[in-house]
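Encoded as structure tokens, the structure appears first; notes follow it.
The values are calculated or read from the model by the stated rules, or taken from the named source; none is laboratory data. Computed from a predicted model, the values in this text were never measured in an experiment. Neighbour counts run over all protein chains shown; Cβ positions are idealised from the backbone, glycine included. Surface areas here come from the heavy atoms of the whole protein model, side chains and all, with no ligands, DNA or RNA. Shrake-Rupley method; radii C 1.70, N 1.55, O 1.52, S 1.80 Å.
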Amino acid sequence: MTSLTRREFLVTGVVAAGYTLAAGPLRAEVISTSAAGLVAGAISIPVGGREIPGYRAKPAGAAKPPIVLVVQEIFGVHEYIRDVCRRLAQAGYLAVAPDLYVRQGDVSRMTNFEEIRPIVASVPDSQVMADLDAMASWAEQDGGDGAKLAITGFCWGGRIVWLYSAYSAKLRAGVAWYGRLAGDKSELQPSYPLDVAAKLHAPVLGLYGAEDTGIPLESIERMRKEIAAAHGASRIDVFDGAHHGFHADYRPSYREAAAREGWTRMLAWFKANDA
């Protein structure tokens, strides 16, 4: 049985509403960002003959705010990802998080991590890239500044940040939170960040944990060498004492100091790259 500290307990019922239950016990002190002064809520975007659901938050009344695409964890667009959108909106961005698994299945209601794995494995990278393009276009039509386009993502979404930065010539900057840099390839997912390090159109800031058992430090060093060999502007920062998911404030993996510092570095990265 999982041992919980006084700051963590298994939240059930209305308290857990909106958060994934597949990640295990939820922390009691989750971050909840106000929507005051924002236009925030669920959206539905036409893509390739169907509707893609998602979440959007932006400053109310702002003229052409810069755009940030927010790419979900493996657990989908749940309350944590929606709150990240609100945090970005409070910082002046139009943030949009599309449900990138919707064609393959709804993971938001699943309580078992093993149920989610086969759905995620069946999502083609090419589909994700096209959906992100569509989200960027929609965000521009929604009043965002298409010339100031950035992307950030967590876990599964961290890998996607690197791939999209190699795919999109319109992107200004990316920030990848603990996305895997190498792994088992498939016909649907043929590349990992190490394969595209020399092809990045936009500089990426990677934020990783030194104690992340799923992402070896050896792979981080290899990625740094690939970036350097390509004379790229991307960078990877590693936080001592941080595990995978250190920004996810709803999980026991949360590390406040690393999460706050990573967030500060992310915003600075966007600003430095005119995003």
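For this structure, a couple of remarks:
- Flag if Ala228 is within 20 Å of the chain's Cα centre (by Cα) and either open to solvent by less than 70 Å² (accessible area, probe 1.4 Å) or farther than 17 Å from Ala166 by Cα (or both): no
The rows are residues; the columns are (1) assigned to a strand (DSSP E or B); (2) open to solvent by 30 Å² or more (accessible area, probe 1.4 Å).
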| position | (1), (2) |
| --- | --- |
| Gly18 | no, yes |
| Pro53 | yes, yes |
| Arg82 | no, yes |
| Cys85 | no, no |
| Leu100 | no, no |
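- Residue match in segment 263-273 (condition: open to solvent by 10 Å² or more (accessible area, probe 1.4 Å) and closer than 26 Å to Val120 by Cα): no
- Flag if Asp249 is part of a loop (DSSP other than H, G, I, E, B), acidic (Asp, Glu) and under 15 Å from the mean Cα position of the chain (by Cα): yes
- Considering residues of segment 259-275 that are within 16 Å of the chain's Cα centre (by Cα) and among the aliphatic types (A, V, I, L, M) only, the residue farthest from Thr152 (Cα to Cα): Ala259
- Residue in segment 87-94 that is over 29 Å from Pro190 (Cβ atoms), part of a strand (DSSP E or B), open to solvent by less than 40 Å² (accessible area, probe 1.4 Å) and free of Cβ contacts under 8 Å to residues at least 60 places away in the same chain present: yes
- Checklist (1) modelled with pLDDT of 95 or more; (2) part of a loop (DSSP other than H, G, I, E, B); (3) open to solvent by less than 50 Å² (accessible area, probe 1.4 Å) applied to Lys58, failing item: (2)
- Inter-residue pairs, beta-carbon under 8 Å, first acidic (Asp, Glu) and in segment 103-130, second surrounded by 17 or more Cβ atoms within 10 Å (Cβ to Cβ) and in a loop (DSSP other than H, G, I, E, B), 6+ apart: Glu115/Ala22; Glu115/Val107; Asp125/Gln189
- Qualifying residue in segment 198-221 (condition: polar (S, T, N, Q), in a loop (DSSP other than H, G, I, E, B), within 23 Å of Thr20 (Cβ to Cβ) and open to solvent by 10 Å² or more (accessible area, probe 1.4 Å)): yes
- Counting only helices (runs of 4 or more DSSP H) that sit completely within segment 104-178, those holding 3 or more residues that are of a type in the set (D, E, K, R) and under 26 Å from Asp212 (Cβ atoms) correspond to 113-121.
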